[in-house]
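The values are calculated or read from the model by the stated rules, or taken from the named source; none is laboratory data. Bear in mind that the values here come from a model prediction, so they are computed numbers and not experimental data. Positions of Cβ are generated from backbone atoms using ideal geometry, with glycine treated the same way; all protein chains shown enter the neighbour counts. Keep in mind that these areas ignore ligands, DNA and RNA; they rest on the heavy atoms of the full protein, side chains included. Shrake-Rupley method; radii C 1.70, N 1.55, O 1.52, S 1.80 Å.
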Amino acid sequence: MIATAPPIVSVRDLSVLLGGRRGFLRKPVPPVAAVKEVSLDLREGEILALVGESGCGKTTLGRTILGLQRESAGEIQFDGAAVSGLRPDAARAARRDIQYVHQDAGAALDPWWSIGRTLAEGLVIRGVRNAAERRDRVAEMLAAVGLDPASARRYPHEFSGGQLRRVALARILLLRPRVLILDEPTSGLDMSVQATVLNLLLELRERFGLTYLFISHDLSVVARLSDRVAIMYLGRIVETGATKALFDRPAHPYTRILMAAAPRLAGRQAAEALPVRGDPPSPTAAPPGCAFLDRCPIGEPGCARRVPQLIAVGSEHRVACHLASRAANDWASYGVFAGQTAPVGAARHG
Amino acid sequence: MKPILARLSRDLPAMLGLGVVVVVLLLAIFGPWIAPHPEDASASHLLRRLKPPSADFPFGTDNLGRDILSRVILGARGALQIALTVVVVAMLIGVPLGLVAGYRSGWLSETIMRVTDVVLAIPQLVLALALAQLLTPSLESAMLALSLTYWPFFTRIVYAETRRLSASLFVDALRGVGAASPRIVFLHILPNALSPVIVRATIGLGFTILVAAVLGFLGMGATPPAPDWGLAIADSRTYLPRAWWYATFPGLAILITVMGFNLLGDGLRDIVDPRLRRSR
């Protein structure tokens with residue numbers, strides 16, 4: 001852990017409103033707050049995992065940091081310089097060293113273009129005029145991600161899922177980014193391919209000096225890869241901390257439920273643990289106070305009064321729960337123990 | 001190209017259409033050398049007026065004693081010229097409008113699409129007739145009228161495709177990589193949107209031949225003595241039903257050509273979009 005490294009990306013009180021329309025002759029549609037007052041730091045060289053269920057705003061947060069989605073409030077700094085509040089094209093230009101790798105690597109490639117042409121296109125856009133140089137760099141990068149340089153002539157549909165992830169990485173790495181936002185880099189891959197992709201990610205980080213913001217809902221992957229974790233629920237970060245500390249002593253009830261729900265091989269019987277009640281409330285009609293209240297096993301009426309802020313419960317471990325100080329004790333009566341919730345190989349008591 | 005041809009070859013009606021289109025193309029190119037009486041494009045031989053089909057004149061002769069077979073063959077070039085010009089001009093108008101309307105949003109896009117809807121709402125033949133009537137009757141004004149009524153079909157198709165594609169992940173990824181809009185629109189969206197356009201253009205060629213024949217029939221298209229199929233049918237009216245061959249063979253030429261283009265277009269569409277595959 002490089003706790004003292006300066007943040008390369010720093011997000012302060014970021015909010016993003018999506019949609020919303022005041023159309024002529026149309027019913028006005030109120031915007032949806034997909035990201036609410038999020039603050040986080042990404043330190044140079046680390047892997048920060050952003051975890052949450054579908055629709056919690058983690059992809060929106062990633063795209064906003066990237067600059068493809070415009071922030072509604074708050075500030076984003078990249079490498080010490082403010083890059084927020086710019087016009088869309090200027091915002092993206094200021095953040096060209098931040099790149100995004102799509103979840104569906106195959107669909108992110110133009111089906112009519114060969115891989116080599118797609119990869120070289122990024123270099124054309126970056127102003128590499130010499131075709132031979134482009135070809136060499138593409139071949140070099142394909143080799144770096146473990147693909148045959150001859151595959152540059154092939155088309156996206158001729159690759160497997162795992163190979164497409166490699167192609168997507170090669171395409172982005174050709175642009176020499178410093179920060180990569182990886183959206184579910186292992187989803188839809190079988191276990192053995194997942195492992196090779198994760199190893200490749202670690203290897204590439206070493207080789208190119210990359211920083212990863214890693215968006216995922218797969219806790220076993222997160223535990224394996226990331227240095228720090230931020231748990232998101234309904235647009236807010238509800239818990240953040242070093243991976244080990246957070247997995248050993250999850251403090252937010254939502255984190256505990258996520259961990260209890262994660263399937264694992266060792267300790268097969270653990271699956272009966274807490275079901276999450278209900279669905280997440282709609283972001284258009286978020287309840288007042290703590291957004292997790294209706295699904296929280298330990299919630300109290302008082303939680304509805306105000307939105308919980310992140311407070312420190314460990315050296316780097318912060319949680320946004322009104323009952324955080326008491327939670328660790330109370331949980332026993334709900335049948336979930338802190339130690340039980342480690343994702344892989346956790347021994348169950350009794 | 002290979003898989004397209006391979007799949008097309010399994011579609012019998014489409015192959016039939018392709019055959020017809022190839023024959024019409026050959027006739028259009030080599031017509032003057034194939035036709036038994038190429039001089040009959042303009043000459044007249046009053047001594048052999050309205051002869052029924054015979055060994056010398058397989059399709060008979062018309063009211064000026066011209067060989068109908070020759071005129072049907074010579075007419076292919078004119079029909080194709082009209083159809084190609086009209087479809088190309090309509091594409092040149094319709095495709096860019098569809099790209100702009102689909103890629104941008106806002107008042108410009110709305111205006112383009114509403115105008116398109118209005119033009120589409122009027123039957124094409126009626127609109128073309130009105131336009132051709134406004135201009136001086138000639139082949140050029142007929143072609144102009146047809147082009148000005150056919151572009152909305154391309155705009156709608158390209159608009160829908162562009163909308164779909166600009167929301168697609170690969171366009172999003174291109175924006176992420178820093179590609180500028182012209183690059184995205186012309187190098188990525190346009191090629192991806194082109195296959196339904198080609199299908200529509202193929203069907204449009206047949207349809208335009210038909211409408212051009214109608215305009216010729218109504219005296220708003222080709223002018224005598226051009227060997228135009230529609231014009232021939234118009235001229236034959238006075239001699240029906242006695243000289244049945246006079247109207248029949250140009251009519252069959254129109255029918256077979258239009259059907260050929262339609263069958264080919266349908267076959268292409270099935271290949272491009274298997275969801276639209278007809279149950280046969």
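Tabulated data
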quantity	calculated
Protein accessible surface hidden between A and B, which excludes ligands and nucleic acids, total in Å², probe 1.4 Å	1600
Heavy-atom accessible area order for B:233, A:231, largest first, 1.4 Å probe	B:233, A:231
The range B:1-159: C-alpha gyration tensor shape, a/c 1.5 cut-off, then a/b vs b/c	oblate
Heavy-atom accessible area order for A:154, A:249, largest first, 1.4 Å probe	A:249, A:154
Under the span-like rule (Cα at least 18 Å along the axis, Kyte-Doolittle mean at least -1.0), DSSP H helices of chain B	B:12-34, B:68-103, B:107-121, B:139-166, B:190-217, B:244-272
Peptide-level mean, for A:110-117, of C-beta atoms on other protein chains within 10 Å	4
Label zone at residue A:112, where the point sits 7 Å out along the Cα-to-Cβ direction: the range B:195-233 residues whose backbone N lies under 13 Å	B:195-199
Sites residue B:81 and residue A:70, calculated FRET efficiency, Cβ-Cβ separation with R0 45 Å, nearest 0.05	0.30
Beta bridges per DSSP with both ends in the protein assembly as shown, % antiparallel, nearest 5	60
Percent RCO, i.e. relative contact order, over chain B, from Cα pairs under 8 Å lying at least 6 residues apart	26
Carbon/sulfur fraction of accessible area - the protein assembly as shown, other protein chains in place, 1.4 Å, %	61
Global geometry of the range A:194-234, whether rounded, prolate or oblate, following the gyration tensor of its Cα atoms and the 1.5 cut on a/c	oblate
Unit Cα scatterers, Debye sum, the protein assembly as shown: log10 I(q)/I(0) for q = 0.08 Å⁻¹	-0.74
Theoretical FRET efficiency, 1/(1+(r/R0)^6), r = Cβ-Cβ of residue B:167 and residue A:315, R0 45 Å, to 0.05	0.50
Reduction of at least 20 Å² in accessible surface, 1.4 Å probe, comparing all protein chains with the chain by itself, residues of the range A:75-93	A:92
Per-residue mean of C-beta atoms belonging to partner chains within 10 Å, peptide A:302-314	0
Solvent-accessible area per residue for the range B:62-276 (1.4 angstrom probe, square angstrom)	42
Span from the the range B:93-168 Cα centroid across to the the range A:133-192 one, whole angstrom	41
Kirkwood Rh in Å, taken over all unlike Cα pairs in the range B:62-276	18.8
Cβ neighbours within 10 Å from other chains - mean over B:178-185	3
The range B:41-58 - phi-based ³J(HN,Hα) in whole Hz, Karplus 6.51/-1.76/1.60, Gly and Pro as x	4, 10, 5, 9, 10, 5, 5, 10, 5, 6, 7, x, x, 8, 5, 6, 10, x
